[in-house]
1. Modelled with pLDDT of 95 or more, buried (at least 22 other Cβ atoms within 10 Å of the Cβ), aliphatic (A, V, I, L, M) and under 30 Å from residue 432 (Cβ atoms): does that describe residue 343?
2. Any residue at all in the range 65-80 that is part of a loop (DSSP other than H, G, I, E, B), at pLDDT 95 or above and closer than 27 Å to residue 484 by Cβ?
3. Can you find a residue that is open to solvent by 10 Å² or more (accessible area, probe 1.4 Å), more than 19 Å from residue 150 (Cα to Cα) and not in a helix (DSSP H, G or I) anywhere in the range 306-328?
4. For the range 496-511, which positions are in a helix (DSSP H, G or I) and under 19 Å from residue 385 (Cβ atoms)?
5. Select from the range 147-196 the residues that are in a strand (DSSP E or B) and closer than 28 Å to residue 257 by Cα and list them in ascending order.
6. Look through 213, 204, 232, 217 and report the one residue that is within 16 Å of ligand 2 (Cβ to nearest atom) and outside the structural domain of residue 42 (by TED's automatic domain parsing).
7. Looking at (1) open to solvent by 50 Å² or more (accessible area, probe 1.4 Å); (2) without any contact (Cβ under 8 Å) to a residue 40 or more places away in the chain; (3) more than 16 Å from ligand 2 (Cβ to nearest atom), which one does residue 73 not meet, given that it meets all the others?
8. Which of (1) out of contact with any strand residue (DSSP E or B) (no Cβ under 6 Å at 6 or more places or on another chain); (2) surrounded by fewer than 16 Cβ atoms within 10 Å (Cβ to Cβ); (3) among the aliphatic types (A, V, I, L, M); (4) in contact (Cβ under 8 Å) with a residue 12 or more places away in the chain does residue 58 not meet, given it meets every other one?
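The values are calculated or read from the model by the stated rules, or taken from the named source; none is laboratory data. This is a predicted model, so every value here is computed, not measured. Note: ideal-geometry Cβ built from the backbone for every residue, glycine included; neighbour counts use all protein chains shown. Please note that ligands, DNA and RNA were not included when accessible areas were found on the heavy atoms of the full protein model with its side chains. Shrake-Rupley method; radii C 1.70, N 1.55, O 1.52, S 1.80 Å.
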Amino acid sequence: MTGLRFDNAFTRELPADPDTHLASRQVSGAAFSWVEPTPVAAPRIVAVSGEVAAMLGIDPARPDFAEIFAGNASIPGMTGYAMAYGGHQFGHWAGQLGDGRAIGLGEVLTAHDGRQELQLKGAGRTPYSRGADGRAVLRSSIREFLCSEAMHHLGVPTTRALSVVATGDQVVRDVMYDGNPAPEPGAIVCRVAPSFLRFGNYELPSSRGDTALLRQLVDFTVRTHFPAIDALPEAERNAAFFREVSTRTARLMAEWMRVGFVHGVMNTDNLSILGLTIDYGPYGWIDDFNPDWTPNTTDRQHRRYRFGNQPQIGYWNLQALAQALSPLFDSAEPLQRGLDAYVETFEATDAAYSAAKLGLLHARDGDDELIADLRGVLTAGGMDMTIFYRDLASLDVHAPHAGVLGAAFYSEAQRVAVSEPLDAWLKQYAQRVREDEASEGERLALMHASNPRYVLRNYLAQQAIDKAEQGDNSGVTELLEVLRYPYEAQPGKDHLAGRRPDWARDRVGCSMLSCCS
Ligand code: AMP
Ligand code: MG
């Protein structure tokens, strides 16, 4: 680790909060506050991503690894800070939020993967903790660790995770917010990304009329993270910046819809300016196909962040960002063009991904309808999304028969109820495939590369967590390893590719998650 090269541009180039006290407060005129992690009792490694360690040039076997990534020890070049940001939560402006339990450690210049910022989530209180404890529990830390690595290997832009370290301290949480607080083991994830900047970082100074800080933040972001557009004249550069954020967000939404990921809390403080999946909280994976599903019990009533609504929310959040950036623009027109680019990019990407999932080389007229019809049939039959698409590749397009899709059904009644429309759809689909220019081999390759066999089903994560809470980390390690190759059939791993078992349907942690983490 002596070879780690830190280059802490964010804290070097942006204004710091002059107050270094820990007390919760409003912080204005500053992009961050200096704050060091609060030591924990007895750090113990739960899991390390070997790939992220290699990317950073860190030896996971070094004896002080657990101490460093629990925040008890530091290495030269590291410096602790918490970012100031605000956000719209569930559609309403919430004012200042900020890193209430995440503490940045600095930015590493890697050999092959550019700048990578390190951040400890759950490392203790900061000026942004707002009365909360600054800690995180083991279950949510394992969920974040596993899912960010799984998403990376699925090809979905995401923050990554180096490690989960159990702290040896207990953290008290009232999981279902029903007046039953209980102690749980605490943990800290070391997250890794080129930057953790969120829409909310720009919204906060803008909400206070601090255009100077807003401009500094945008200048910094473009210079450091969007160098390709940095040389443009300022007005054009700002327009290109918003457009780039919009198109990245559009592609991210298309990716989430492709793999069946539901973020759960798409508040503007949880949307990355780099278009990465960020802040894994009460997220979930679609088992039985249902566009109205959300894993987040806190959102159960309005289902704002349900699966099928994510593309709309991406747009809503970009509107909030556009509003925040508007003091840097002479007219709203370039911002509107950025929003239009979001819609175009989402529609084109989603159409291309949807066609690829069906093994169609190029989308053509009529495919929209074919895809919409399929979503209707999947919703009506509640088939398992992952299994259905994966098994669809085995369909004999010269004699289509729903038999190959049997494993995707959650009940016999649903299978019978949907058998007629499914047969009709399969016939149409088979004909479309026969007319496609793709060869059989090309079609299968495309389908296998677009439809994962392994995703981090909610119940699988929960089973690994249950074991880890008993001190057995083997479930976490097994999932980490299998999810590195989500598109490949892996011998002996069928038990990780099946339908969600019945017992998991309504279990807390498996299909119902609160924001409490
Ligand atoms: P989230 O919904 O997890 O994205 O968090 C929203 C805000 O609450 C962010 O500002 C977090 O830093 C803060 N927060 C969440 N949990 C804690 C905690 N245990 N201690 C301090 N701040 C927290
Ligand atoms: Mg957050």
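1. Against the criterion (modelled with pLDDT of 95 or more, buried (at least 22 other Cβ atoms within 10 Å of the Cβ), aliphatic (A, V, I, L, M) and under 30 Å from residue 432 (Cβ atoms)), residue 343 does not qualify.
2. Checked the range 65-80: at least one residue is part of a loop (DSSP other than H, G, I, E, B), at pLDDT 95 or above and closer than 27 Å to residue 484 by Cβ.
3. Yes, some residue in the range 306-328 is open to solvent by 10 Å² or more (accessible area, probe 1.4 Å), more than 19 Å from residue 150 (Cα to Cα) and not in a helix (DSSP H, G or I).
4. 496, 502, 504
5. Selection gives 158, 160, 161, 162, 163, 164, 189, 190, 191, 192, 193.
6. Matching residue, one of 213, 204, 232, 217: 204.
7. Looking at each condition in turn, residue 73 falls short on (1).
8. With respect to (1) out of contact with any strand residue (DSSP E or B) (no Cβ under 6 Å at 6 or more places or on another chain); (2) surrounded by fewer than 16 Cβ atoms within 10 Å (Cβ to Cβ); (3) among the aliphatic types (A, V, I, L, M); (4) in contact (Cβ under 8 Å) with a residue 12 or more places away in the chain, residue 58 is out only on (2).
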